[in-house]
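We did not get these values from a lab; they are worked out from the coordinates using the rules stated. Keep in mind that what you see is a predicted model, and the values were worked out from it rather than measured. Cβ sites come from the backbone with ideal geometry, for glycine too, and all protein chains shown count toward neighbours.
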Amino acid sequence: MKFSYYIGLLVVFIISSCASQPPKVIKQVVRDTVIINQTTDRYESVRMAKLDNFHISTSKYPAKGQDDRVRFLILHYTALNDSLSMKVLTQQEVSSHYLIPNDGSDSIYLLVDESKRSWHAGASFWKGINNLNFSSIGIEIVNQGYTGTFNTNADGTITDTRYFYDFPQKQVDKVAELCKDIITRYKIDPVNVLAHSDVAPGRKHDPGPKFPWKYMYEKHRIGAWYEDFHKQTYLGQFPYAEKDSMSFIQSVQADLEKYGYEIQKTGIWDPQTQKVLQAFQYHFRPEKYDGIIDAETWAILKALVLKYRS
Ligand SMILES: [Zn+2]
């Protein structure tokens, strides 16, 4: 039995490595835990019991009542170079599913199987859901982050002398193709394609304002973006005279919460609101990321809520 099994494997190997033969399509190999997902035509790994005395069939009763663990895609930068990124993400208490180096190569590294949790998001929240490691795929992009400093002063003002580093086009192309593949396979909602800073405002600033979210949406339809004509309409409605009133501040907090951010509706421009607004600006208004509302930030928020949350 064992001997014939190995002979069989050898034959398959010889056939598949012979260039003159057409490629062999493996329909199902149960013991080797490889199947073809019928909806995507891609190979996926399967984790299941392997019993000594009984056979487990994977083909006869596939339940309709199931869905994917993965609902979010979260992007990061490592703030380290290639070799240190690999070292930290493989040898310490943090990890990601994928690591995209900045070495000009075609390589992308899979560090954690997609069916397992990687430890990339930490304390995190989006639209009522906590601890997003349970329900996300994490992609770390090698980028040095920023130079300079960012401080919140005693009087609540911010000193920000940061300069964020660009993402090279080749690296962006790699991120785009990988994101598209993941979003398609798990049918991830556009509003659930997020920056680490979106799900941990204030605590995290990656992948930062230089990450080309607009380009990702316009070129590849990755993630969420607002319609410009909606923004233009709202721009003319910004209530300059009311902008520090409790009711206006609460309405902004309510819109940020409605879109997905974790925020308390305090009715004041407090540090937590500033942090959330800054995360929002990193993603959707990268020309200005001081965490202070202006007509443009407000109009973009209203346009996004209109498009995706109403
Ligand atoms: Zn991160």
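Below, the figures for the structure above:
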quantity	calculated
Pair Leu306, Gln169: separation of 7 Å Cα→Cβ label points (nm)	3.4
Filter on Lys127/Lys204; Lys243/Lys275; Lys170/Lys231; Lys116/Lys219; Lys231/Lys275; Lys116/Lys288 - keep pairs with C-alpha separation over 28 Å	Lys170/Lys231; Lys116/Lys219; Lys116/Lys288
Packing rank of 154-162, 87-95, 302-310, where each peptide gets the mean count of other beta carbons within 10 Å, highest leading	302-310, 87-95, 154-162
Amide H contacts under 5 Å for Gly208, placed H, 5+ residues apart	Ser197
Cα coordinate range in the stretch 228-308, projected on the principal axes (Å, largest first)	31, 26, 23
Distance (nanometres) between label positions extended 7 Å along Cα→Cβ at Lys214 and Thr152	2.8
Globularity index of the stretch 72-220, i.e. its alpha-carbon radius of gyration over 2.2 N^0.38 Å	1.03
DSSP-assigned coil residues among chymotrypsin sites (Phe, Trp or Tyr not before Pro) in the stretch 135-197, each with at most 16 further Cβ atoms within 10 Å	Tyr165
Sequence-separation-based contact order of the stretch 156-296, relative, with Cα cut under 8 Å and 6+ spacing, percent	24
Amide proton proximity set for Ile158, modelled H, under 5 Å, gap of 5+	Asn153
Per DSSP, loop chymotrypsin sites (Phe, Trp or Tyr not before Pro) in the stretch 48-122 with at most 14 further Cβ within 10 Å	Phe54, Trp119
Share of pairwise Cα separations in the stretch 209-265, more than 15 Å, in percent	67
